[in-house]
Amino acid sequence: MDSMGSGSGARTIFQDLSRQKVTPADFELNLLSLCSIVIKADGQVSQRELDYVRQYFLQTYGKEKANAIFRTFNEVIKKREISAQRICNYLNQRTRYEVRLQLLHFLFAIAQSDGSISAKEIDKIREIAGYLRIGRIDYESIQAMFVKAADNAYKILEIDKTATDDEVKKAYRTMAKKYHPDRVNTENEAIKKGAEEKFKEVQKAYEQIQRERGI
């Protein structure tokens with residue numbers, strides 16, 4: 001585990017004065033554990049989903065550190081059963097809400113990486129969202145970025161289709177502020193990237209509604 005805390009990653013990733021600090025090693029192992037739970041959710045381990053996670057870790061942390069994380073993870077899962085609730089309780093105490101929203105976004109991206117998201121994967125991610133204490137409206141907003149439906153743009157902005165133009169504009173400003181990458185305030189590249197992707201989805205949803213309404 002020590003080898004994973006070397007270099008620039010030795011600084012704590014998440015700092016919140018009112019909470020304990022989570023070290024890079026702790027965070028990355030817990031992130032990988034949640035990834036494995038989602039990958040196994042539909043009863044079959046998709047190679048494309050595994051490759052997505054490995055590629056993401058390699059791009060984000062570099063080969064040496066990514067391999068060290070995977071090695072440690074393989075040792076950890078041999079020793080104990082992974083509990084989503086235990087991991088989420090740990091993260092709830094040490095990370096801010098904005099960061100947990102990014103985690104949820106990342107888990108949906110993994111599930112989608114093999115071309116489709118199964119009902120069992122959605123159920124498992126919804127269960128994890130509950131453990132992470134993510135609100136229903138926030139959950140539905142993120143799910144709408146991955147699971148296509150007619151009113152997705154409105155769900156992403158967390159409003160009804162009956163909203164006035166002014167309410168749409170206000171909702172966009174609120175969501176843009178809420179999901180702005182600067183709000184995540186983290187040195188962790190995996191989480192930063194998720195924030196940027198989500199911010200783009202909010203912008204796309206607003207542009208779609210603008211086109212439909214001629215705002």
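The values are calculated or read from the model by the stated rules, or taken from the named source; none is laboratory data. What you see is a predicted model; the values in this text were computed from it and never measured. As a convention, Cβ positions derive from the backbone with ideal geometry for all residues, glycine included, and neighbour counts pool all protein chains shown. Keep in mind that these areas ignore ligands, DNA and RNA; they rest on the heavy atoms of the full protein, side chains included. Shrake-Rupley method; radii C 1.70, N 1.55, O 1.52, S 1.80 Å.
Quick notes on this one:
- Any hit, segment 113-123, residues being closer than 17 Å to L91 by Cβ, open to solvent by 10 Å² or more (accessible area, probe 1.4 Å), in a helix (DSSP H, G or I) and not acidic (D, E): no
- Residues located in segment 145-162, provided they are open to solvent by 30 Å² or more (accessible area, probe 1.4 Å) and either of a type in the set (G, A, S) or outside any loop (DSSP other than H, G, I, E, B) (or both): A149, A150, K155
- Taking the criterion of being open to solvent by 10 Å² or more (accessible area, probe 1.4 Å), in contact (Cβ under 8 Å) with a residue 12 or more places away in the chain and not in a loop (DSSP other than H, G, I, E, B), the residues of segment 127-144 that qualify are E127, Y131, I137, D138, Y139, E140, Q143.
- I110 vs. criteria of a type in the set (V, I, T), under 23 Å from I137 (Cα atoms), in a loop (DSSP other than H, G, I, E, B) and modelled with pLDDT of 85 or more: no
- Look at segment 151-172: where a residue is under 15 Å from G214 (Cβ atoms) and among the aliphatic types (A, V, I, L, M) and a partner is open to solvent by less than 20 Å² (accessible area, probe 1.4 Å) and part of a loop (DSSP other than H, G, I, E, B), sitting 6+ places away or on another chain with Cβ atoms under 8 Å, you get V168/L157.
- Meets criteria (within 19 Å of R48 (Cα to Cα), out of contact with any Phe, Trp or Tyr (no Cβ under 8 Å at 6 or more places or on another chain), of a type in the set (A, V, I, L, M, F, W, C) and touching a residue at least 40 places away in the same chain (Cβ under 8 Å)) for L103: no
- Top-ranked residue in segment 59-89 [being part of a helix (DSSP H, G or I) and of a type in the set (D, E); ranked as farthest from S36 (Cα to Cα)]: E64
- D42 meets all of the listed conditions (1) more than 17 Å from the chain's Cα centre (by Cα); (2) at negative phi; (3) open to solvent by 60 Å² or more (accessible area, probe 1.4 Å); (4) not hydrophobic (A, V, I, L, M, F, W, C) but one, namely (3).
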